[in-house]
1. Among residues belonging to the stretch 110-130 that are in contact (Cβ under 8 Å) with a residue 40 or more places away in the chain and outside any strand (DSSP E or B), point out the one that is nearest to Pro79 (Cα to Cα).
2. Only one of these conditions is not met by Ser195: (1) modelled with pLDDT under 95; (2) more than 21 Å from Thr130 (Cβ to Cβ); (3) of a type outside the set (Asp, Glu). Which number is it?
3. Step by step: first the residues of the stretch 255-290, then only those that are under 21 Å from the mean Cα position of the chain (by Cα) and of a type in the set (D, E, K, R), then the one that is surrounded by the most Cβ atoms within 10 Å (Cβ to Cβ). Which residue is that?
4. Looking only at helices (runs of 4 or more DSSP H) that lie completely in the stretch 237-346, which have at least 1 residues being closer than 18 Å to Ala67 by Cβ and modelled with pLDDT of 95 or more?
5. Report every pair of residues separated by at least 6 positions or lying on different chains whose Cβ atoms are under 7 Å apart, first residue within the stretch 168-181 and more than 15 Å from Leu211 (Cβ to Cβ) and in a helix (DSSP H, G or I), second modelled with pLDDT of 95 or more and small (Gly, Ala, Ser).
6. Only residues that are closer than 19 Å to Thr312 by Cα, in a loop (DSSP other than H, G, I, E, B) and of a type in the set (A, V, I, L, M): list them for the stretch 40-81, please.
7. Suppose we keep only residues that are of a type in the set (Gly, Ala, Ser) and without any contact (Cβ under 8 Å) to a residue 60 or more places away in the chain within the stretch 191-221. Which one would you say is nearest to Thr159 (Cα to Cα)?
8. Condition first: polar (S, T, N, Q) and either in a helix (DSSP H, G or I) or touching a helix residue (DSSP H, G or I) at 6+ places or on another chain (Cβ under 7 Å) (or both). Now tell me which residues in the stretch 182-214 satisfy that.
Amino acid sequence: MSSTTRLDRNVDRRDFLKTGVAAVVGSVAAGSGIVAAGEPSTDPKPIPTRRFGKTGRVLPILGYGGAGLVKIWGSPLSPEDRVKLVRYAYDRGVRYYDTAANYMESQSILGEALKDVRDNVYLVTKVETTLPGWVRMAVEKSLKELQTDYLNAILIHGTPGLEQMSVKRAMQVHRELVKLRDEKIVRFIGFSAHSYFDKALALIESDGFDLCMLSYGYIPRGHNQIWTARMTELRNACVAKAHELGMGIVAMKVVGGGVLGAWSQYIVPGFDKKRLNQLPAAAIRYVLDDERIHLLVIGMRLRQEVDANIKTLTGDVTYTFDDRALLAKFCSKAYDSDPIKAMRVD
């Protein structure tokens, strides 16, 4: 059963349209890339790995996006089943887990699921406060919910966070995170950026960060907008500079926040269903074609989605002419749709 068919059972088209296509596509949950990338699989092949920049760790290229564990952002499972889902992903080989302080119950679910395998996973959360004096308190709260006494990495959140801050203020927050690193409460420091790549580039050029998580996908979308060509150039500059400095580079919005996955049939009604089901895998291969990207963070709500994404990543990840043609054909129609038009910025 395809991911699109499964999602139909939980999101009726009339409910989707009544809620508002643009609002749903712009939601945090959709922004995490909550889609499956192909058909479910029990393929035993391990997830391919890449060295994660200057952190020195070698990690599987599929990371778990913790936004996919939040009930109000689309998770259909009970708390107990969400804990089991995280362990299922762990058993399938996922080792990088991304969450944030404002992802509601996500931190607590990850903490419960991973507490007995803590040292085997790379656990990352974020602080969204713009007040340096609140950083320690925010991190301590995250540690408690995650049931751990250290974090493999802490990120300055994109939004709320970097988007609402000046670069100067972000570096003040960074200084507080350095104190926590010196105390070995956190191992590495990074930031995330949905767009506003001018700020992101300034942070990278400071050479004070170990990793960054950037919106990187075929569709140039941030948290709730399609960004400009100038921002795409700045994003590309961010990747180039981060690579030059040896930073770990994580891609988010790989499937355009669901535009190339869960919501594709609503955005372009009547598009060939077989081709719709091929979109997520094509989008993943597009990103992996850039070997500077070390890891993809994708939110997953069901075991079938974990299996499907792993099947894509353990298969041939060559970005093909057919992938290019499919993405171009779909996006030529999607960009002319009302939801995407509503997300564009000048």
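The values are calculated or read from the model by the stated rules, or taken from the named source; none is laboratory data. Small disclaimer: the values here were computed from a predicted structure and weren't measured. Cβ: placed from backbone, ideal geometry, glycine included. Neighbour counts: every protein chain shown.
1. Leu110
2. (2)
3. Ranking the candidates gives Arg285 first.
4. Filter on the stretch 237-346 gives 273-288.
5. Taking only residues 6 or more apart or on different chains, the pairs are Met171/Ser206.
6. Ile47, Ile61
7. Per the stated criteria, the residue is Ala193.
8. If the condition is that a residue be polar (S, T, N, Q) and either in a helix (DSSP H, G or I) or touching a helix residue (DSSP H, G or I) at 6+ places or on another chain (Cβ under 7 Å) (or both), then Ser195, Ser206 are the ones that fit.
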